[in-house]
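In what follows, a single structure is set out as structure tokens and then discussed.
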Amino acid sequence: MVNWLSEIQRRRTFAIIAHPDAGKTTLTEKLLLFGGAIQIAGAVKSNKINRATTSDFMEIEKQRGISVSTSVMAFEYKGYKVNILDTPGHEDFAEDTYRTLTAVDSVILVIDCVKGVESQTRKLLEVCRMRNTPVIVFINKLDREGRDPFDLLDEIEKELKIKVFPMTWPIGIGKLFKGVYHLQEKRLNLFNNENKFVKADNYISITNIYSKELEENVGENFANKLREDVEIIQGVYDVFDKEEYLKGNLSPVFFGSAVNNFGIQELLDTFVEIAPSPKGRESNEKWIPADYPKFTGFVFKIHANLDPKHRDRIAFLRIVSGKFERNKNYYHVRQDKWLKFSNPTAFMAQQKSVIDEAYPGDVIGLYDSGNFKIGDTLTDGDKIHFKGIPAFSPEIFKYVVNKDPMKTKQLQKGLEQLTEEGVAQLFYKKTDNRKIVGTVGQLQFEVLQHRLAHEYSAKCDFDSLPIYKAVWLSSNDNKKLQEFLNDRAQYIAYDKSDRPVFLAESAWLLQMAQEKYPEIKFHTINEFE
Ligand code: G4P
């Protein structure tokens, strides 16, 4: 008999996040190699969408396809079940990444030691901070001539607004990279760039860094430099407090080189030990803990079938509580109906397989013929809705222009379904009945246009609309809100739930509106109740 509680406790569900090119794909692959989930390097394909191929729609679709098969990668390691949720590499799909972050319990953030904190890192960390997601930092590419480690830590603290705690410390960098010293375990891990494949790290226990043994291994200059660094570290950083990490207040930092398979085992060993087991989630009714005995889960991602002849999709469901069983009836709360799944899929590394049961923290794929929307809740009968799949104000806005009036219905249906999948956000203007699509990247317009044509036979174009942000509005003073809606009628649109948004043309105009209407709250995220 499987012990249900220990099944929950041994799970670790997380995402690796990074600015493109920092080494997310490489790290994922090395973790899978360690977990024995794949045998050869190169098996995990990058889901990066190359700028150069953005006009090649099939390429986009193909690459989106690849990212389906690597959406969730699970493996067993030292008695733990590790679930890695993949996030799209391309910045234009940042919204997908934000949603995936709602389905994980912690993250590993990869930073390139040459580049330091980059634009995408900032945005991703903002989302983690909103949910107090515990973050472990992996500073990668130590075999390159990177920046001073103290500078990097400073930059991470300042720019990402997180407190850091170095667990390991590099000795030398670039061509002179000697290895790392584990400050907690008091051992040296020597770098040798032949460690390309799985090989346990090469540890030498050095409990006293003032001993001769350190010199013997890294030479006098590096030994002295490490001693100086460690003294500074001890002066600046306190002891590591796991509770602070679990609250999302403190981030342990590791140094390594993913491509050289260096420092990965250290990272993985600490990760499984300290990272949180599946957490519960807030619903509109109450907090549902992971050990709530009844099954609950929510859909955080929907992926369309690549074959346009088959309109079915895969809905990715994160299990929050209870146990999921194949062929059992579950309650779809929004639609108020019961559904049965005969082919729920689990993802073990690259293999998709039908599963009979799954536990909190697991992500399963459910074949869907159009029942699901992002954010939907599935339960054993409880009428609850999980909160927390946020929509952020898009950054690029365009009017939809229907190019084929005979296909108006198809266009409407396509826009509705594709925006439910999360490809883009849809707004309606009531003053002139026009539809507005908002995205975080140019690429989504291309994907949208292509998929509308191929899957719905609808042709459309986009007219540019110079809007800075769409902000959701709320107020305790209904009269004032109405006054604002009338006053700015031309700049008001409605989201899919018929909630008003203000289309601000510039940061300045938004600020003006905020000053003139202090009774109204302006939200850049649609989650504000
Ligand atoms: P991403 O998913 O975060 O976008 O990054 P990815 O892993 O694809 O890595 C980006 C590039 O950085 C790859 O090189 C990868 O080999 C390299 N890389 C990853 N880790 C390290 C490291 O520790 N040291 C060094 N020097 N390079 C590293 P590429 O040339 O773009 O691709 P490839 O042809 O090597 O696959």
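The values are calculated or read from the model by the stated rules, or taken from the named source; none is laboratory data. Note that the coordinates shown come from a computational prediction; the quantities given were computed from them, not determined experimentally. Ideal geometry is used to build each Cβ from the backbone, glycine not excepted, and the neighbour counts take in all protein chains shown. Note: areas computed on protein heavy atoms with side chains; ligands, DNA, RNA excluded. Shrake-Rupley method; radii C 1.70, N 1.55, O 1.52, S 1.80 Å.
Please calculate the 1.4 Å probe accessible area of Asp336, with all protein chains present, and give it to the nearest 10 Å².
Roughly 100 Å² of Asp336 is accessible to a 1.4 Å probe.
Tell me the Kirkwood radius of the range 281-379: reciprocal of the mean inverse pair distance over distinct alpha-carbon atoms, in Å.
13.8 Å
For the range 93-212, what's the relative contact order in percent, using C-alpha pairs closer than 8 Å and at least 6 residues apart?
Numbers: 150 pairs, mean separation 21.4, N = 120.
Once divided by the residue count of the range 93-212, the mean separation gives 18 percent.
Heavy-atom accessible area per residue, the range 396-523, 1.4 Å probe: how many Å²?
49 Å²
Please compute the contact order of the range 396-523 in relative form: average sequence separation of alpha-carbon pairs under 8 Å and at least six residues apart, divided by the residue count, as a percent.
Value for the range 396-523: 29 percent.
Among DSSP bridges having both ends in the chain, what percentage is antiparallel? Round to the nearest 5.
75 percent
Please arrange Lys78, Lys301, Lys435, Lys409 by accessible surface area, largest first, computed with a 1.4 Å probe and ligands excluded.
The most accessible residue leads, giving Lys409, Lys78, Lys435, Lys301.
Which aspartates and glutamates does Lys521 reach when only Cα atoms under 18 Å apart count, and residues fewer than 8 places away in its own chain are ignored?
Counting by Cα, and skipping residues close in sequence, Lys521 has these aspartates and glutamates nearby: Asp477, Glu483, Asp487, Asp495, Asp498, Glu505, Glu529.
Take Ile232, Ile206 and sort them by solvent-accessible surface of the protein heavy atoms, 1.4 Å probe, largest at the top.
Listed by decreasing accessible area, they come as Ile232, Ile206.
Once the dipole of the chain is set up with Lys and Arg at +1 and Asp and Glu at -1 on Cβ about the Cα centre, which of His450, Asn189, Pro134 lies farthest towards its positive end?
His450
Students often forget the sequence filter, so: which aspartates and glutamates lie under 12 Å Cα-Cα from Lys175 once same-chain residues fewer than 8 apart are removed?
Those aspartates and glutamates meeting the cut-off are Asp143, Glu145.
What is the diffusion coefficient of the range 141-285 in µm²/s, taking the Kirkwood radius over Cα pairs and the Stokes-Einstein relation at 37 °C with a viscosity of 0.692 mPa s?
It diffuses with D of about 201 µm²/s by this estimate.
On the protein heavy atoms, probe 1.4 angstrom, tell me the percent of accessible surface of the chain carried by carbon and sulfur.
The value for the chain is 48 percent carbon and sulfur by accessible area.
Calculate, axis by axis, the spread of Cα positions in the chain along the three principal axes, and write the results as whole Å, longest axis first.
80, 58, 46
With the cut-off at 30 Å, tell me which of the pairs Lys24/Lys459; Lys123/Lys373; Lys158/Lys469; Lys337/Lys469; Lys141/Lys242; Lys247/Lys323 have Cα atoms farther apart than that.
Violating the 30 Å Cα-Cα cut-off are Lys24/Lys459; Lys337/Lys469.
The range 318-395 to the range 251-294: how many Å between their Cα centroids?
21 Å
With n ≥ 4 as the cut-off for DSSP H runs, can you work out [θ] at 222 nm for the chain, using -39500 (n - 2.57) per run divided by the number of residues, rounded to the nearest 500?
Values: 14 runs with 150 residues, N = 529.
That calculation yields -8500 deg cm²/dmol at 222 nm.
Would you check the accessible area of Val236, probe 1.4 Å, heavy atoms only, in square angstrom rounded to 10?
100 Å²
Protein chains only, probe 1.4 Å: how do Trp472, Trp508, Trp4 rank by accessible area, largest first?
Listed by decreasing accessible area, they come as Trp508, Trp4, Trp472.
With the contact rule set at Cα under 8 Å and sequence spacing of 6 or more, what percent relative contact order holds for the chain? List each step's numbers first, then the result.
Details: 1086 pairs, mean separation 70.9, N = 529.
Reported relative contact order: 13 percent.
Could you pull out every one of the lysines with an alpha carbon less than 23 Å from that of Lys212, ignoring same-chain neighbours closer than 8 positions?
Excluding near neighbours in sequence, the set is Lys178, Lys186, Lys225.
Leaving out ligands, DNA and RNA but keeping every protein chain, what accessible area does Phe177 have, in Å² rounded to the nearest 10, with a 1.4 Å probe?
Approximately 10 Å² of Phe177 is accessible to the 1.4 Å probe.
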